[in-house]
Amino acid sequence: MSRKLAMPAALLAILALSACQDDEAPAGADDPTSEATTDDSPSETPTESTPTESTDSTEGQAPAGDVTAPGTELSIGDTAVLPLTYGTDGTATVEVTVTGISEGTAADLEAAKVKNAADFTPFYINLDMKILSVGAEGFGGYTAGSDFDGLTGASKAGSLIIFGDFAPCDGGGFEYDSAVGDTAKACVPALATKGSVVDGVQFSGGADEAGYDQFDGKPVVWK
């Protein structure tokens, strides 16, 4: 079930509010709700007399073994090392800590003139991030909203997309041309139907082949 909200003041959008469904689906299962918006090949084994040469197209990133494996389950407050992408070619390996999930109020939505605000409760996912390595094409202008989602039990919570100012959860992220060692805080809003709680977070971003996709892979989950 999806809902369309009129949001003229803060220009917000709700996407795939799976918490409205009658049957709860696992976070990694196909989400049947429609979207509602407002506005190897094997490598040759080297011998002692044959020096090896790296052919990794993501020069500067941490090796695959250094990132948190898809499907890893963590606790709120734990840190994951994740391969993030920006645009077509921007990549970085980033430490991400989910520092907490705070509950907002319907009044937060009402202040933004969200229609039917009383039917929803917003939750705010807080992240701390630090860049460990950057790919050859650079990295920057990254916001976490497209990669991180709230969870209500095992189901994905609704997403609140922000195109303007929303004081309770102001986005954040990395600026353009961010470099190794740069840190940033981010806030990702999520929505639950009245009486439900957002009690987890999932990461399903990165490149397609990274294995974190919620449909074709296994997200990293904090609970």
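The values are calculated or read from the model by the stated rules, or taken from the named source; none is laboratory data. Since this is a predicted model, take the numbers as computed values, not measurements. Glycine gets a Cβ as well: all are built from the backbone with ideal geometry, and neighbour counts include every protein chain shown. Each accessible area value is taken on the protein alone, full model and side chains, heavy atoms only, with ligands, DNA and RNA left out. Shrake-Rupley method; radii C 1.70, N 1.55, O 1.52, S 1.80 Å.
Please compute the length gained on full extension between residue 223 and residue 161, using 0.36 nm multiplied by the number of residues separating them and subtracting their Cα-Cα distance.
Value of the extension gain: 20.1 nm.
Stretch residue 107-residue 207 to full length: gain in nm at 0.36 nm per residue minus the Cα-Cα span?
On the way: separation 100, 0.36 × 100 = 36.00 nm, distance 3.72 nm.
So the extension gain works out to 32.3 nm.
Under 19 Å between alpha carbons, and skipping anything fewer than 8 positions from residue 223 in its own chain: which lysines qualify?
Partners within reach: 156.
Could you state, as a whole-number percent, how many of the C-alpha pairs of the stretch 84-164 are farther apart than 20 Å?
I get 47 percent for the Cα pairs in the stretch 84-164 exceeding 20 Å.
PRE reach from residue 76 (point 7 Å along Cα→Cβ): which of the stretch 203-223 fall under 18 Å by backbone N?
From the stretch 203-223, the list is 203, 220-223.
Explain nothing, just compute: Karplus ³J(HN,Hα) = 6.51 cos²θ - 1.76 cosθ + 1.60, θ = phi - 60°, for every residue of the stretch 202-215 in order, whole Hz, x for Gly and Pro.
The phi angles translate into 10, 10, 10, x, x, 5, 4, 7, 6, x, 9, 4, 6, 9 Hz.
Write down the accessible area per residue of the stretch 116-192 in Å², having rolled a 1.4 Å probe over the full set of protein chains.
Values: 3050 Å² over 77 residues.
Accessible surface, normalised per residue, equals 40 Å².
How high is the relative contact order of the stretch 77-220, given as a whole-number percent (alpha carbon pairs under 8 Å, six or more residues apart)? Intermediate results must be reported in sequence, preceding the final value.
Numbers: 339 pairs, mean separation 38.3, N = 144.
Relative contact order comes out at 27 percent.
Can you list residues whose amide H is under 5 Å from residue 133's amide H, if they're 5+ apart or on another chain and H is modeled 1.01 Å from N?
93
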